[in-house]
Amino acid sequence: MRTFYFIITILINSILFSQEGKIIANSRPFNEIGIRLEIKNFFIDGHRFKIQEIKPYYKLNEKFKIGFGYCSLKDENFYFQDSTLLRINSSNFFGSYNWMISEIISAEATLDFGIGRIKSVNIDDSIDKGSYSFFEPAIIINYSGFNFFNLGIGSGIRFTRNDKSIFSRNLTLPTIILRFSLKFTEIYNHFLHRSNTSLYLDND
């Protein structure tokens, strides 16, 4: 897990510096690089499970973003009737389409898909592992009234396939999504190239 975050940090850093020349050349740049931190909540037997996702993204234009990331679910508290704990780890890729509702409110349609592993932790601490994949369309409402980050809330349906010999329950379920997005390009411009950030442009 720490290795994954380290790799992500290096990639983001290299992309930011490679974009520096282009950012300076533009008089009014859009936020090109960012990272999303999402919690996707779903319920089984009345218990709330949380899939945590970290997803760097690249803004192609004012409408489209693409990105990749990592998802994990690790619940240490809820044992199912067969005395097992549920764990999920996967890589994911996504694309999204954004449209404005007002100056600070936007809506976003996203498509996430990924592959990974599902694990069943038995009461004797033995672990059974199997395949896991998902496809998740969702709608998110974003609030962009802050300078360096956005907040979002939405809902989706996570269509899943997993090894039923590892976990027999149906994991195709609706999700409630909470999102926190950092706008790295805006932060970079603000502190290193203030004349180039939207916070200092005359018409903002």
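Read-outs throughout are calculated quantities, based only on the coordinates presented, and are distinct from any laboratory measurement. Quick caveat: nothing in here was measured; it's all calculated off a predicted structure. Neighbour counts are summed over all protein chains in view; Cβ atoms, including those assigned to glycine, are modelled from backbone coordinates with ideal geometry.
Determine whether Asn98 is under 14 Å from the mean Cα position of the chain (by Cα) and not charged (D, E, K, R). Spelling it out, it is not the case that Asn98 is under 14 Å from the mean Cα position of the chain (by Cα) and not charged (D, E, K, R).
Say whether the condition of being touching a strand residue (DSSP E or B) at 6+ places or on another chain (Cβ under 9 Å), surrounded by 15 or more Cβ atoms within 10 Å (Cβ to Cβ) and under 16 Å from Gly67 (Cβ atoms) is met by at least one residue in segment 98-105. Full working, then the answer.
Residues of segment 98-105 that are touching a strand residue (DSSP E or B) at 6+ places or on another chain (Cβ under 9 Å), as a first pass: 98-101, 104-105.
Now narrow it down to the ones that are surrounded by 15 or more Cβ atoms within 10 Å (Cβ to Cβ): 98.
Next, from what is left, pick out any that are under 16 Å from Gly67 (Cβ atoms): 98.
Yes.
Any residue in segment 74-81 that is of a type outside the set (D, E, K, R) and touching a Cys at 6+ places or on another chain (Cβ under 6 Å)? Checked segment 74-81: no residue is of a type outside the set (D, E, K, R) and touching a Cys at 6+ places or on another chain (Cβ under 6 Å). Taking the condition farther than 27 Å from His47 by Cα, in a strand (DSSP E or B) and not aromatic (Phe, Trp, Tyr), does Gly95 pass? Answer is yes for this residue.
Sort through Ile157, Ile153 and tell me the only one that's part of a strand (DSSP E or B), among the aliphatic types (A, V, I, L, M) and more than 30 Å from His190 (Cα to Cα). The match here is Ile157. Taking the criterion of being in contact with a Leu (Cβ under 7 Å, 6 or more places away or on another chain), outside any strand (DSSP E or B) and surrounded by fewer than 15 Cβ atoms within 10 Å (Cβ to Cβ), the only residue of segment 53-77 that qualifies is Glu76. Considering segment 106-123, the residues that are among the hydroxyl-bearing types (Ser, Thr, Tyr) and farther than 25 Å from Asp82 by Cβ include one that is surrounded by the most Cβ atoms within 10 Å (Cβ to Cβ), namely Thr110.
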